[in-house]
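S.K.: Below: one structure in structure tokens.
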Amino acid sequence: MNSFPLKIVTPDGLQYDGQAEELIVRTTSGDVGILAGHINCVAPLGMGRAMIVSNGEKRCAACIGGMLSVVSGEVNLVPTTFEWADKIDVDRADASADRARKVLADKGATAADIRIAEARLKRALIRKNVAAQI
């Protein structure tokens with residue numbers, strides 16, 4: 001299978017820089033699959049699982065927010081948060097989900113508190129789901 005150059009950079013630094021045969025990532029419009037020869041595009045990232053195939057091996061990560069760009073065959077993924085499945089702290093994700101659920105159950109929570117708690121719960125559930133796929 002043909003490959004393409006893929007770079008994944010987050011605010012925490014370079015997460016991946018190499019060749020890939022396939023990238024599947026969640027955008028705000030749904031999942032997008034990238035193969036060698038993909039047309040030029042730019043898309044905002046949503047919250048979900050990213051899957052990279054490199055040298056025939058599949059690797060997954062939780063990928064949240066940011067941008068995807070494909071220009072002249074080079075693919076750049078610039079997520080706000082990117083955690084490889086084998087590096088996700090499931091206990092931390094559980095604790096985050098529990099805290100979010102408490103806020104959502106609080107009748108005195110403000111609309112802003114609820115929006116933040118919903119986003120935290122979604123992130124925690126995505127992280128747990130990706131970690132379970134190892």
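S.K.: Run down G33, G66, G56, G13 and say which single residue is at pLDDT below 95, open to solvent by 20 Å² or more (accessible area, probe 1.4 Å) and closer than 26 Å to K128 by Cα.
M.R.: None of the other options fit; the residue is G56.
S.K.: Just to check your reading of the model, which residue among A111, A97 is free of Cβ contacts under 8 Å to residues at least 40 places away in the same chain and either touching a Gly at 6+ places or on another chain (Cβ under 6 Å) or exposed (fewer than 14 other Cβ atoms within 10 Å of the Cβ) (or both)?
M.R.: Result of the check over A111, A97: A111.
S.K.: Another one. Considering (1) at pLDDT 95 or above; (2) open to solvent by 60 Å² or more (accessible area, probe 1.4 Å), say which one M1 fails and leave the rest.
M.R.: Condition (1) is where M1 drops out.
S.K.: In addition: How many of the residues making up the stretch 1-37 are farther than 15 Å from K58 by Cβ, more than 18 Å from the chain's Cα centre (by Cα) and assigned to a strand (DSSP E or B)?
M.R.: 2
S.K.: Within the stretch 69-83, track down each residue that is touching a residue at least 60 places away in the same chain (Cβ under 8 Å) and open to solvent by less than 10 Å² (accessible area, probe 1.4 Å).
M.R.: If the condition is that a residue be touching a residue at least 60 places away in the same chain (Cβ under 8 Å) and open to solvent by less than 10 Å² (accessible area, probe 1.4 Å), then V75, L77, P79 are the ones that fit.
S.K.: Any idea how many residues of the stretch 44-62 are out of contact with any Phe, Trp or Tyr (no Cβ under 9 Å at 6 or more places or on another chain), part of a strand (DSSP E or B) and either of a type in the set (F, W, Y) or more than 18 Å from F4 (Cα to Cα) (or both)?
M.R.: Summing the residues that are out of contact with any Phe, Trp or Tyr (no Cβ under 9 Å at 6 or more places or on another chain), part of a strand (DSSP E or B) and either of a type in the set (F, W, Y) or more than 18 Å from F4 (Cα to Cα) (or both) in the stretch 44-62 gives 5.
S.K.: Can I ask one more? A20 passes all but one of (1) surrounded by 13 or more Cβ atoms within 10 Å (Cβ to Cβ); (2) within 15 Å of M67 (Cβ to Cβ); which number fails?
M.R.: (2)
S.K.: If a residue has to be out of contact with any helix residue (DSSP H, G or I) (no Cβ under 7 Å at 6 or more places or on another chain), among the hydrophobic types (A, V, I, L, M, F, W, C) and either open to solvent by 80 Å² or more (accessible area, probe 1.4 Å) or closer than 20 Å to L125 by Cβ (or both) to count, how many in the stretch 36-53 make the cut?
M.R.: Total meeting the criteria: 5.
S.K.: If you check every pair at least six apart or on different chains, which have Cβ atoms under 9 Å apart with a residue in the stretch 22-44 that is within 18 Å of S72 (Cα to Cα) first and a residue that is of a type in the set (S, T, Y) and assigned to a strand (DSSP E or B) second?
M.R.: From residues that are within 18 Å of S72 (Cα to Cα), the pairs are E22/S54; N40/S69; C41/S69; V42/S69; A43/T27; A43/S69.
S.K.: Return yes when V103 is more than 17 Å from the chain's Cα centre (by Cα) and outside any strand (DSSP E or B) and no when it is not.
M.R.: Judged against the criteria, V103 is a match.
The values are calculated or read from the model by the stated rules, or taken from the named source; none is laboratory data. What you see is a predicted model; the values in this text were computed from it and never measured. All Cβ positions, glycine included, derive from the backbone under ideal geometry; neighbour counts span all protein chains shown. Remember, those area values only see protein heavy atoms, side chains included, never the ligands or the DNA or RNA. Shrake-Rupley method; radii C 1.70, N 1.55, O 1.52, S 1.80 Å.
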